[in-house]
Structure formats: C-alpha cells, structure tokens
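K.L.:
Let me give you the structure first, and then I'll get to my questions.
The values are calculated or read from the model by the stated rules, or taken from the named source; none is laboratory data. Every value quoted in this text rests on a predicted model; they were computed, and no experiment measured them. Because the Cβ atoms are built from the backbone with ideal geometry, glycine has one as well, and the counts that use them run over all protein chains shown. Each accessible area value is taken on the protein alone, full model and side chains, heavy atoms only, with ligands, DNA and RNA left out. Shrake-Rupley method; radii C 1.70, N 1.55, O 1.52, S 1.80 Å.
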Amino acid sequence: MAYALQQLINGVALGMIYGLIAVGYTMVYGIIGMINFAHGDIFMVGAFVALITIVLLLSGGIMEGPGAIMLVLLVSMCVTALYGWTVERVAYRPLRGSFRLAPLISAIGMSIVLQNYVQVAQGARVKPLEPIVPGGFTVMTEGTFVVQVSWMQLVIVLVTLAVLAVFTWLVTRTALGRSMRACEQDRRMAQLLGINTDRVISITFVIGAALASVAGMMYLLRYGVIDFYIGFLAGVKAFTAAVLGGIGSLPGAVLGGLLIGLIETFWSAYFSVAYKDVATFAILAIVLIFMPTGLLGRAEVEKV
Amino acid sequence: MAAPILEVDALSMRFGGLKAVDEVSFTAHAGDITAVIGPNGAGKTTVFNCITGFYRPTSGRLRLHRDGRATELQKLQGHDIARAGIARTFQNIRLFPGMTALENLLVAQHRPLMRASGFAIGAILGLSGYPAAERAAIARATRWLEATGLIERADDPAGALPYGQQRRLEIARAMCTSPLLLCLDEPAAGLNPRESVDLARLLRAIRDGEAAEGEPPCSLLLIEHDMGVVMGISDRVVVLDHGKKIADGTPAEVRADPRVIAAYLGEGDEDEVPAEAAP
C-alpha cells in the first residue's frame with residue numbers, strides 16, 4: 001500500500017513532465033498537421049538553459065528561495081521560446097505548401113542539428129547539478145517503509161499545474177487562443193478573416209517551446225543530471241503520450257503524459273526497470289489498436 | 001453615380017489551356033448591391049476567387065477604393081486581402097464548426113482584440129484595455145446575432161446549426177471583419193422561399209447600414225442563381241457567359257438584353273436539347 005502510494009507520487013511527478021512536452025507536440029500537430037520531431041531537443045535545450053542560468057546565479061551567490069527558481073524559469077522559457085521560434089522560421093515555414101513529408105524530414109534534421117550544437121557547445125559529458133531544493137516531507141510510514149514527497153516533486157506538480165492553467169486560459173479565453181483554434185479548424189478561412197496565420201503558427205511554436213523548457217527545467221531539478229541526448233527519449237515518450245491521449249487534443253496530451261509516467265514508474269517498481277520502455281510502448285500499441293484516435297481524440301474528418 | 005468601390009479591369013484567369021475568365025471588366029459602386037450572374041461554368045466563382053485572393057489572376061487588375069486611395073488586390077496575399085476590406089462567404093459554408101456561433105463572430109474581430117491584448121502578453125499580465133475590448137467585441141457580435149436572428153443559438157457549436165442559420169451566421173461573421181465590400185457566393189442556395197425573402201431583407205439592410213446598430217453601410221457583390229433574389233435586390237447586374245462579360249446594367253436593362261436571354265435559354269446550344277430531339 002505504502003509502496004504503491006510512493007510509486008503514484010513518483011509517477012505523477014514524472015507524468016507532469018511528459019505532459020508538458022506532449023502539449024507542444026499536440027499543439028503543433030493540431031495547427032499545421034506535422035510532427036515536430038525537434039520538440040524533444042527543444043526540451044533538452046530548455047534544460048541546458050536552466051542549468052546555465054542556475055550556475056550563473058549560484059556563482060553570483062543569489063540562487064536562494066522561490067524567487068530565484070521563478071527567475072530561472074522565466075529566463076529558460078524566454079530563451080527556449082526563441083529557439084522554438086527560430087526552428088519554425090528556418091526549418092518549417094519555407095517548406096509550407098511543399099509536399100507533406102518535407103517538413104518532417106526537416107524536423108528530423110533540426111533535431112540532429114540541435115543535439116550536435118549542444119554537444120559541441122557544452123561537451124558530451126553528463127552535467128550534474130547539486131539538488132537545489134533538498135528535503136521533503138513524510139506522508140505516512142508503514143513498517144520500515146516511509147512514503148516521502150520531496151519538495152522538488154511538489155514544485156514540479158505545482159509549477160506544471162500553474163503553467164497548464166495559464167495555458168488553458170490562454171487557449172480558451174483569449175483572442176489569441178481563438179485565432180489558434182480557428183487556424184486549427186480551417187487555416188485558409190482564418191486568413192480570409194484577416195488572421196495572420198503565419199504569426200499564429202509562430203506563436204504556437206513559441207508557446208510549445210516555452211512549455212517544453214519548463215519541463216526541461218523540472219527534469220533537471222528532479223534528476224540532477226542532463227546531457228545533450230536526453231531530448232531523444234523524452235521526446236519519443238512525450239510524443240507517445242500525445243498519441244495515447246489523442247493527438248490534437250490538449251487535455252489528451254496531459255492525460256497521456258500522466259499515464260505514461262505512471263505506467264513507467266509502476267512497471268519499474270513491480271517488474272523490471274530494464275523493460276519499462278517496452279511496457280510503455282506496448283501499451284501504446286494496444287491502445288492504438290482498439291482506439292486509433294487515442295483516448296480523447298476525435299475521429300479525423302478529412303477536410304475537403 | 002456613386003464612387004466606384006471595386007474596379008475589375010480586364011481580368012483574365014487561365015487554367016492550363018482553359019480560359020475560365022476572359023478580359024472581364026466591371027465596376028461595383030459604393031452603396032450598391034452588384035450581382036454577377038451567368039449560366040453554370042460562366043466563370044462567376046473564378047472571378048470571386050480572384051477578388052478574394054484564392055486565385056492569382058493570370059492578368060488584369062482589381063482595384064479596391066478606400067478613402068480616395070486604391071489598393072491593388074491582385075498584389076496582396078492571404079490575410080492582407082481581408083485587412084484591405086474584402087470579406088466573403090462560401091457556397092459550401094465554411095464556418096468553424098467546433099466553435100460556438102458567438103466565437104465565430106469573435107474570431108472575425110480578432111484584430112482589434114489582439115492589438116488591445118498586446119498580442120496576449122498584456123492579457124496574461126492582466127494589463128491594458130483587453131477586458132474592455134473583449135466586452136465591446138462581444139457586444140458587437142451580439143448585435144449581429146440579433147440582426148440575423150441567431151441570438152438564441154449564441155453558445156451552440158456552429159456546426160450544429162441548421163443550414164439556413166449557418167448561412168446567416170457566415171454573413172454575420174463576414175460583417176464582423178468590418179469590410180468595405182461583402183462578397184457573397186450564392187447566399188440563397190438551398191434556402192426555402194421564406195428564408196430567401198428574409199435574406200433579401202437582410203442584404204438590403206446591410207447595404208444601407210441598418211442591419212445592426214452602429215454598422216456603417218457596406219457595398220455588396222454577389223453571385224446568385226435565384227433570379228427572384230437577384231432581380232429583387234440588385235442595383236446593378238453583370239452577366240457572364242463562357243468567361244466573357246455579355247451584359248452589364250440595371251436589372252431591367254439586363255432582363256431585356258437579347259444576349260442574356262440567348263445565354264440563359266441556350267439558343268444554338270445543343271447541350272440544352274436532348275440528342276434525339278435535335279434536328
């Protein structure tokens with residue numbers, strides 16, 4: 001019981017990170033119908049920007065308290081958003097109107113470029129970071145087993161929820177969100193109403209990258225080690241989460257992320273750590289066989 | 001005569017070897033309802049698609065006049081055409097089906113809203129006049145919903161509305177972009193006679209700026225098959241046949257024009273006569 005509760009806590013914290021990345025996949029897919037394979041690497045860039053900012057603040061001796069974490073978050077979001085914007089501008093926009101596979105190939109290229117760029121700029125070795133928010137509190141004790149929530153896990157869950165709340169409000173309640181949904185449903189028509197669809201697409205990438213950077217920072221704080229290659233597996237898992245939840249659906253992406261996080265954690269806890277990824281992807285395959293549009297996805301109606 | 005609002009000058013559109021529109025010129029005047037009619041395949045929709053930027057004309061010019069300045073529409077792309085002052089509706093309705101009727105009208109007003117919200121950054125920070133701008137946009141959308149008799153359906157998804165209501169909503173949405181010229185592609189298609197009468201009344205009210213409170217008069221350009229609607233509301237009628245303009249004038253003039261009668265009755269056009277009956 002206590003053991004399961006501990007896994008639940010760990011799984012939710014991990015799932016939140018996947019969910020944040022998955023939102024970026026699903027948003028871009030919804031609006032231009034492409035899978036942005038470079039998104040996982042944007043997450044990795046976000047983690048590195050956060051690391052560099054933290055190291056700078058530490059050397060300045062001002063890495064103290066929640067204010068500093070907020071500052072790191074803000075810097076990381078802004079810088080990573082710039083990367084997201086640039087990737088779209090350089091690699092995808094020139095190919096709009098080209099054949100469908102062109103931006104996908106370009107995305108894979110962009111992913112390799114980002115990985116190698118970080119490898120060259122930051123070195124290939126794993127970067128460790130001392131725990132910024134150590135400690136935690138005990139939820140319950142059962143015999144010798146202590147169920148713990150680390151402060152870090154709490155920060156991850158709270159920050160993720162806050163970011164998702166702002167994001168949901170943005171999409172459902174503001175003029176920008178309406179323009180995004182309009183572009184999603186009928187891009188040509190949105191243009192005829194005077195919406196600058198190129199700008200809306202840019203903003204989508206910027207928001208997606210900002211969310212990914214939050215995930216990157218949370219990953220860094222939780223695990224304390226990053227390298228230039230973390231974007232690949234995290235990206236694939238988050239993409240899986242987006243597909244599992246129903247690609248194109250925002251709540252689906254968060255739900256999918258949580259499920260993937262939980263499946264992975266519970267499998268590692270009760271079966272074998274070595275096979276956790278096999279379990280994750282096997283469940284993806286099973287869900288897709290019975291629900292091809294994912295858990296919350298709607299059936300795709302071909303636009304004529 | 002009123003000032004011109006749209007001048008179509010020697011417009012041609014070629015698809016491979018086919019000349020869908022051949023050197024068509026006409027002028028729509030401010031404050032008029034101008035109708036473009038013609039048999040099927042006459043090139044009406046192609047002319048429309050050129051005006052609204054769906055096609056790039058092979059040759060010719062499209063000048064939109066606003067405050068004494070002329071904009072060359074054929075040089076503009078995508079959203080700039082709407083911003084120049086052209087709005088359109090479609091023969092096969094293109095609403096945003098997953099959004100509510102009200103949201104459809106708000107999307108059309110997104111420009112002032114985006115500016116007021118500082119491109120969402122101001123809205124996130126809770127700054128600026130965004131809430132006021134949003135309220136104004138909702139008020140305007142509400143007036144249009146009332147004008148088109150859709151106020152009861154404001155919060156229903158647009159895709160769930162019956163056909164006639166979707167048509168009216170599409171017109172309301174086009175009007176919410178504050179156009180100079182509203183282009184309607186067969187607005188009466190699929191409407192029953194009663195709905196057609198209501199539509200004619202709505203279009204006349206839009207022309208005169210009486211459809212909704214605070215809306216300026218708007219010029220209209222429409223393609224229509226329903227001759228009752230066309231002859232009843234148009235100030236000017238342009239007739240196309242096989243991509244060429246064959247007549248241009250008031251409804252009465254056009255109706256009396258022998259070339260128009262020939263085009264519609266298919267004089268010398270064996271397609272209209274069953275093969276066995278042909279001499």
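K.L.:
Could you look through region B:98-107, keep only residues that are facing another protein chain (nearest Cβ under 7 Å) and open to solvent by 10 Å² or more (accessible area, probe 1.4 Å), and pick out the one that is farthest from the chain's Cα centre (by Cα)?
P.N.:
Once the filter is applied, the top-ranked residue is B:98.
K.L.:
So residue A:269 passes all but one of these: (1) touching a residue at least 24 places away in the same chain (Cβ under 8 Å); (2) closer than 30 Å to residue B:174 by Cβ; (3) part of a helix (DSSP H, G or I). Which condition number does it fail?
P.N.:
Tallying (1) touching a residue at least 24 places away in the same chain (Cβ under 8 Å); (2) closer than 30 Å to residue B:174 by Cβ; (3) part of a helix (DSSP H, G or I), residue A:269 fails exactly one: (2).
K.L.:
Considering B:170, B:146, B:186, which residue is surrounded by 15 or more Cβ atoms within 10 Å (Cβ to Cβ), within 30 Å of residue B:47 (Cα to Cα) and away from every other protein chain (no Cβ under 13 Å)?
P.N.:
The conditions single out B:186.
K.L.:
Return the residues of region B:195-241 that are crowded, with 16+ Cβ neighbours inside 10 Å, under 16 Å from the mean Cα position of the chain (by Cα) and closer than 17 Å to residue B:40 by Cα; say none if nothing qualifies.
P.N.:
Residues satisfying the conditions are B:222, B:223, B:224, B:226, B:230, B:237, B:238.
K.L.:
All but one of (1) touching a residue at least 60 places away in the same chain (Cβ under 8 Å); (2) facing another protein chain (nearest Cβ under 7 Å) hold for residue A:179; which doesn't?
P.N.:
Of the numbered conditions (1) touching a residue at least 60 places away in the same chain (Cβ under 8 Å); (2) facing another protein chain (nearest Cβ under 7 Å), the odd one out for residue A:179 is (1).
K.L.:
Would you check which residues across region B:22-40 are part of a strand (DSSP E or B), farther than 13 Å from residue B:248 by Cβ and aliphatic (A, V, I, L, M) and list them?
P.N.:
Scanning region B:22-40 gives a single hit, B:33.
K.L.:
Quick check on my filter: what residues within region A:99-139 are surrounded by 11 or more Cβ atoms within 10 Å (Cβ to Cβ) and of a type in the set (Ser, Thr, Tyr)?
P.N.:
A:106, A:111, A:117
K.L.:
In addition: Based on this model, can you work out whether residue A:231 counts as within 14 Å of chain B (Cβ to nearest Cβ), in contact with a helix residue (DSSP H, G or I) (Cβ under 8 Å, 6 or more places away or on another chain) and crowded, with 22+ Cβ neighbours inside 10 Å?
P.N.:
The answer is no for residue A:231.
For (1) modelled with pLDDT under 90; (2) part of a helix (DSSP H, G or I), each residue gets a yes or a no:
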{"position": "B:196", "(1), (2)": "yes, yes"}
{"position": "B:200", "(1), (2)": "yes, yes"}
{"position": "B:217", "(1), (2)": "yes, no"}
{"position": "B:220", "(1), (2)": "no, no"}
{"position": "B:230", "(1), (2)": "yes, yes"}
{"position": "B:263", "(1), (2)": "yes, yes"}
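K.L.:
Another question, then. Say we look at region A:206-224 and pick out the residues that are open to solvent by 10 Å² or more (accessible area, probe 1.4 Å) and at pLDDT 90 or above; which of these is farthest from the other protein chains (Cβ to nearest Cβ)?
P.N.:
In this case the residue turns out to be A:219.
K.L.:
While we're looking at this one, here's another question. Looking at B:40, B:49, which is the one that is modelled with pLDDT under 90, within 14 Å of chain A (Cβ to nearest Cβ) and within 23 Å of residue B:249 (Cα to Cα)?
P.N.:
B:49
K.L.:
Let me ask something else. Take region A:82-102 and flag every residue that is in contact with a Gly (Cβ under 9 Å, 6 or more places away or on another chain) and of a type outside the set (Gly, Ala, Ser).
P.N.:
Correct list: A:83, A:100.
K.L.:
Regarding residue A:203, is this residue open to solvent by less than 10 Å² (accessible area, probe 1.4 Å), closer than 30 Å to residue B:86 by Cβ and at the interface with another protein chain (Cβ under 8 Å from one of its Cβ atoms)?
P.N.:
Considered against the rule, which asks whether it is open to solvent by less than 10 Å² (accessible area, probe 1.4 Å), closer than 30 Å to residue B:86 by Cβ and at the interface with another protein chain (Cβ under 8 Å from one of its Cβ atoms), residue A:203 comes out as no.
K.L.:
Please find, among A:223, A:229, the residue that is free of Cβ contacts under 8 Å to residues at least 12 places away in the same chain and either on the phi < 0 side of the Ramachandran plot or of a type in the set (A, V, I, L, M, F, W, C) (or both).
P.N.:
Going through A:223, A:229 in turn, the sole match is A:223.
K.L.:
How do the pairs read when you match residues in region A:59-83 that are surrounded by 15 or more Cβ atoms within 10 Å (Cβ to Cβ) with residues anywhere that are among the hydroxyl-bearing types (Ser, Thr, Tyr), using Cβ under 7 Å and keeping only pairs 6 or more apart or on different chains?
P.N.:
Short answer, once both residue conditions are applied: A:72/A:53; A:75/A:53; A:76/A:53; A:76/A:213; A:77/A:213; A:80/A:213.
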